[in-house]
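The values are calculated or read from the model by the stated rules, or taken from the named source; none is laboratory data. Nothing here was measured: the structure is a model prediction, and the numbers come from that model. Note that we place each Cβ from the backbone using ideal geometry, even for glycine, and neighbour counts take in every protein chain shown. For accessibility, only protein heavy atoms count, side chains too; no ligands or nucleic acids. Shrake-Rupley method; radii C 1.70, N 1.55, O 1.52, S 1.80 Å.
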Amino acid sequence: MQGLVIKTTGTSYGVYFPDGTTADCHVKGNFRIRGIRSTNPIAIGDNVEITQLEDGTNWITELRDRKNYIIRRSTNLSYASHIIAANVDMAALIVTLRHPETSTTFIDRFLATCEAYRVPACIIFNKVDLLNVEELQELSHLRQLYESLGYATYAISALQLNNDEVKNIFQNRITLLSGNSGVGKSTLLNAILGKDVARTGAISSAHHKGMHTTTFSEMYPLNDAWIIDTPGIKGFGLLDIEKEEVGHYFREIFNIARDCRYSNCLHTGEPGCAVYQAVADGKIAISRYESYLSILEDTNESKYR
């Protein structure tokens, strides 16, 4: 039988079958995906083959080819990576300017990862009802920046959601919700689905950061679509990318880099660097360039786990 992995708990996998039924399934301890060293050989969104034994237990025996996946550094030091989700049509990054604050470095690392693994992405700015006049101006600036790069952006309050435009972006596709803890992923999911399916939590008053409420990944049906809710993450480190390739995943840097004097230019002040000059001329945002440099300078692999 072939099915879709819609829930992961760390010890078992919830699999959805074409007839609308679901079942808990397991994998053998030595089940590994060739070429990927990760904490989870099977990820949410995977299409798998299931074999049922005489005792009624269901085992995942084969993984179908993935069209894409999105990955991050593993929190388990014995593994290189953790696959967040597979076969994703859209990655929606939930961002808050305050309560808690999402850094532009985090946004840019997430977008670069999506570019690297061919996952279309959009940005949803949440909790805009909590922003003052100055913060709303900052929001407008950020939306203009990312929309100029070709990323769709939305400004919402998940607690007051009545924006059909936002709801419509999830239709007819598999969408991954991601972001820092506390940005309102679960609240948004509950609002879109019209029912409480995910736990929500408070913001730490001491650190102004979110506290984890989602502990495992799960897919929820929305008409002809699926929405993936994932645990909040504090950082996003890129994997298996050579320094010369990092600029390929920043759209504006990739486009301008064609005019650099040297084909292997790292855009850190080399002679004839068109990117460095574009930053000086204000054609590339300082925040984006600093995010690019932060990836080049990554030496502490645990920093973005």
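Structural remarks
- Near the amide H of SER217, within less than 5 Å, lie the amide hydrogens of THR8, all on another chain or at least 5 residues away, with H placed in the peptide plane.
- Once the 1.4 Å probe is applied to the protein heavy atoms, region 49-158 comes out at 43 Å² accessible per residue.
- Less than 5 angstrom separates the built amide H of ILE84 from those of ILE70, ILE71, ARG72, all sequence-distant by 5 or more or on a different chain.
- Placing +1 on the Cβ of every Lys and Arg and -1 on the Cβ of every Asp and Glu, with nothing else charged, gives region 256-298 a dipole about its Cα centre of roughly 200 debye.
- Candidate residues LYS283, LYS7, LYS185, LYS67: accessible-area rank, largest first, probe 1.4 Å: LYS283, LYS67, LYS7, LYS185
- Unsatisfied cross-links (Cα-Cα over 20 Å) in the set LYS167/LYS195; LYS7/LYS127; LYS243/LYS283; LYS7/LYS195: LYS7/LYS127; LYS243/LYS283
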